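We did not get these values from a lab; they are worked out from the coordinates using the rules stated. Please read these numbers as outputs of a predicted model, since none were measured by experiment. With ideal geometry, Cβ positions are generated from the backbone for all residues, glycine too; neighbour counts draw on all protein chains shown.
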Amino acid sequence: MISRLLVFNSEILLISAGFDAHLSDPLADQKLSSADFTWLTEQLMSVAEICCNHRLVSTLEGGYNPEALARSGAAHVRSLMHH
């Protein structure tokens with residue numbers, strides 16, 4: 001995944017942080033866990049480090065299961081804070 005994103009050589013990485021792909025979400029059927037969102041966030045932060053001088057913006061888009069949204073959103077923010 002990282003190598004394909006690096007081809008763009010972006011100046012900034014924008015993340016639309018939607019968590020409707022969570023396994024508990026009633027609308028999507030993608031079955032991701034909160035740990036998967038942590039991994040995705042870390043991967044995107046690595047891309048931002050390599051090609052964007054750490055410039056990254058993340059905006060909350062949503063999710064339709066409040067508990068899954070809270071867990072996944074918290075996992076995402078923790079990853080952003082620890083990198």
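Residues of the range 54-65 that are touching a residue at least 40 places away in the same chain (Cβ under 8 Å), surrounded by fewer than 17 Cβ atoms within 10 Å (Cβ to Cβ) and not acidic (Asp, Glu): ARG55, VAL57, THR59, LEU60, GLY62, TYR64. Only one residue in ALA75, ALA68, ALA48, ALA35 is in a helix (DSSP H, G or I) and exposed (fewer than 14 other Cβ atoms within 10 Å of the Cβ), so which one is that? One residue alone meets the criteria, ALA35. The residues listed here are SER46, SER16, SER33, SER24; of these, the one that is in contact with a Leu (Cβ under 8 Å, 6 or more places away or on another chain) and polar (S, T, N, Q) is SER33. If you go through the range 39-76 and keep only what is over 24 Å from ILE2 (Cβ atoms) and in contact with a His (Cβ under 7 Å, 6 or more places away or on another chain), you end up with GLY63, ASN65, ALA68.
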